[in-house]
1. Open to solvent by less than 40 Å² (accessible area, probe 1.4 Å) and not charged (D, E, K, R): is that true of residue 101 in this structure?
2. What number of residues in region 58-86 are assigned to a strand (DSSP E or B) and farther than 22 Å from residue 277 by Cβ?
3. Within region 287-319, can you find the residues that are in contact with a Gly (Cβ under 7 Å, 6 or more places away or on another chain) and hydrophobic (A, V, I, L, M, F, W, C)?
4. List the helices (runs of 4 or more DSSP H) that sit entirely inside region 192-269 and contain at least 1 residues that are over 16 Å from residue 109 (Cβ atoms).
5. If I filter region 287-294 for residues that are open to solvent by 10 Å² or more (accessible area, probe 1.4 Å) and modelled with pLDDT of 95 or more, do I get at least one hit?
6. Quick check on this structure: which one of 197, 209 is of a type in the set (Ser, Thr, Tyr) and open to solvent by 10 Å² or more (accessible area, probe 1.4 Å)?
7. Would you pick out the residues in region 137-155 that are of a type in the set (A, V, I, L, M, F, W, C) and surrounded by fewer than 22 Cβ atoms within 10 Å (Cβ to Cβ)?
8. Between 190, 217, 235, 210, which is farther than 30 Å from residue 58 by Cβ and touching a residue at least 12 places away in the same chain (Cβ under 8 Å)?
Amino acid sequence: MPVLKKIALTVTSATLLSGFVLSPAAAADKDKSDDKQPKPPGVMSSLGGERLSMSGTQVDLAPGVPVVPKGLTARSWIVADAESGDVLAAHNSHWRLPPASTLKMLFADTVLPALQPTQTHKVTESELAGVGEGSSLVGIKEDHTYTVHDLWLGVFLRSGNDAVHVLSEMYGGVPQTVAAMQKHAEELQALDTVVVSPDGYDAPRQVSSAYDLTLIARSGMQKKDFREYAATASADFPGEKKKGKKRESFEIQNTNRLITGDIGVDPYKGIAGVKNGYTTHAGNTFTGVAERNGKVLLVTVMNPSAEESHAVYKEAAKLLDWGFAASGKVPPIGQLVPPKSVDTGTGTSTGGKGAAPAAGADQGTGGQAEAAHASAASKGSSGVGVALAIIGGLLVVVAAAVFLVNRRWPLAGLGGRTTSETKDAGEAADTAEPAASGTPAGPAADKP
C-alpha cells in the first residue's frame, strides 16, 4: 500500500477513534454544563459582608469542618446561626429571585401584630376576587365568619392565598398591606425585596433573596404567635355551613414537609417552622429554622433544579445537617444584620414602629394568641403539643429558652408544633406537589 495512502488511513482511523473516545466525555461535560440556567448577576449586595456579594458557594473550611454537601442544585441558599447572626455558608445569597409563598413570612411579620386572634370577620365576595388563578387555597367561603386565628392557620398551614387576601382587607386593603410590607422589609434591611402581591403570587418585579428571607424569618420568630403558627403540624379549620346543619370543621395539615413528613422526606429532628412555597416562576422555595443541642440555625433554599420530588426539603435538610456539624468550627463568612431600629452599640432600640424589644421580651399579641391556640388544642390535641425537638428527640412545650441574637436582639423560645385532631375531617384545597420540582402544578400554584 502506498505510504501516503497508509498515512491517510491512519489519520482517518485516529480521527474516528478520537471521536468515539472524546464524544462521550464531551457529551458528559455538556450535560454537566449549566449554560442554559440563569446566572447570578455580576454585582450583588454586600450587605452582611463582602463575601455575600460574590457568586458561587462561599465558605471558609477549617480543619475538622465537614465539606458542604455535594449535589446541591439550588440557585441560591444560605445557612446562618439564628443566635449570633453568623452566616456559616452561602451560595448566591443576595441573588434577587421570585420568592413564592416564603413572602408570606413578611406578610405575617407585618400584619400579625395589628389583628387580634379572637377577632371575627364575615368574608365578602370582593375580598376573594383578587386571589390569583391557580393559587393555593385553604377553602374560605364568602358569607362565612372566621376568626383571625382561623385565617392565620390557613396562611401558615395551607399557604392559603384566600386567607391572605381576607386578612389584607382587614388590615386596610391589599395596596396598604403591600406598602406596609415594603416598609417593614426596609426596616429589617431586607433590601433585595420588592413586594407586589402580599401572598407571593407571581407578579412582575416581585423578588426577594435567600439573605432577605432569612432576615424576615428571624424577625418573625421573635413573635410568640408567629412561632406557634409556623410550627403547627395540623389543626381544625371551619368548614362550610350547610342549611339546617351544624357547621363542621375539617383537618388541615402543614405543607412544610420537614414538619409533617411525606414519601421520601422524614420530619426533620428539631424543626420549628418556617415556610415553604412554589410558583411557576419561583420554583420551590423554603426557609426553615431548627434547634439541636442548644444551637438554632436558619436555612433558606431557593429554586433547586434537581428533578426529584421534594428536592427543596432534601437540600434544606442536608444544609441543616452540615450547619449543625460545622457550627462552632467554621469561621463565618458574613452576618445577618439587625433591623435599622436596633442600636447594636448599646443594645437599645431607637424606638418607633418595628423597634426590637428588650432582651428576653416577646413580640406579638401575647396572651390572646396563646388563648386562641389553647382553645384550638382543646378540641383534641394529640398531646405532642409543640414542635421543637431537643436531645433525645423529645418534643417540648413552647418557650424552651431565650436565645440572644447578636447578644442584644432576642429570639425568644421557638414555637412548637401544635397538632389538633378532628372528628370530622374534610378536604382542603388541592395543593398536590408536581412529580418533579421542574414540573409546574399550574399557573402559579403553591406547593407543599
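The values are calculated or read from the model by the stated rules, or taken from the named source; none is laboratory data. Worth saying up front: this structure is predicted, and the values here are computed from it rather than measured. Please note: Cβ atoms are built from the backbone with ideal geometry, for glycine as well, and neighbour counts cover all protein chains shown. The protein model used for the area step is the full one, side chains on, heavy atoms only, and it has no ligands, DNA or RNA in it. Shrake-Rupley method; radii C 1.70, N 1.55, O 1.52, S 1.80 Å.
1. Values: open to solvent by less than 40 Å² (accessible area, probe 1.4 Å): yes; not charged (D, E, K, R): yes.
Yes, satisfied.
2. Here the count works out to 3.
3. 289, 290, 297, 299, 316
4. Numbers: elements: 210-220, 224-231, 257-260.
The helices (runs of 4 or more DSSP H) meeting that bar are 210-220, 257-260.
5. yes
6. Only one candidate qualifies: 197.
7. 137
8. Working: 190 fails: farther than 30 Å from residue 58 by Cβ; 217 fails: farther than 30 Å from residue 58 by Cβ; 210 fails: farther than 30 Å from residue 58 by Cβ.
235 is the lone residue from the list that is farther than 30 Å from residue 58 by Cβ and touching a residue at least 12 places away in the same chain (Cβ under 8 Å).
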